[in-house]
Amino acid sequence: MKNIFTFRAASIAAQEADDSYIVGFADSRSQPQEYIILQRSVYPDGEPDEDEPDTYFLEINDQATSGYGGIQSATLSQDSFTLVLADDNEYSDGLTAVTVRFDAAQLPADLKQYLGQIFHGTDCTFTAS
């Protein structure tokens, strides 16, 4: 049985900060209850630190549901963003997918670029239409 987490985003952010690419979707700008955050380090010298995985980090609503990697595919469309989680991820507790719905007018112009940077060179297949 599929266990899909779906919510409507009131806020979408895409930026580079603190040597990381960060993309976030939240149901509220001020007091989010439902959210996802994707983050990946930017390596100034081109190489990750020894203690840091060379992949993205995903958080779903809470740090208890977070971890490195674990996404099979990510799809960005005009009004939604869907993550299909890998069966062997270590943090989702049975969750199979996440779908975020939003108004197309909310999309930051550089969202596709940041998502591409986050998933570049990983096992996650990223598509955008």
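A short reminder: the numbers here are calculations on the coordinates, not readings from a lab. Here the structure is a predicted model, which is why all the values come from computation and not from measurement. Reconstructed Cβ throughout: ideal geometry from the backbone, glycine too, with neighbour counts over all protein chains shown.
Using just the helices of the chain, give the 222 nm mean residue ellipticity in deg cm²/dmol: DSSP H runs with n ≥ 4 each add -39,500 (n - 2.57), and the total is spread over all residues, rounded to 500.
Using -39500 (n - 2.57) per qualifying helix, the result is -2000 deg cm²/dmol.
How do 112, 2 rank when sorted from fewest to most other Cβ atoms within 10 Å of their own Cβ?
Listing 112, 2 from fewest to most nearby Cβ atoms yields 2, 112.
Fewest Cβ neighbours within 10 Å first, please rank 76, 95, 58 accordingly.
Ranked by crowding around the Cβ, least crowded first: 95, 76, 58.
How much length is gained if the chain between residue 75 and residue 125 is pulled fully straight, taking 0.36 nm per residue apart and subtracting their Cα-Cα distance, in nm to one decimal?
17.2 nm
Take the eigenvalues of the Cα gyration tensor for region 4-128, scale each by 5, and report the square roots as semi-axes in whole Å, largest first.
21, 17, 14
Over region 4-128, what relative contact order in percent results from Cα pairs under 8 Å that are six or more residues apart?
27
Amide H to amide H, which residues 5 or more places from residue 73 or on other chains are under 5 Å from it, using H placed in the peptide plane?
84, 125
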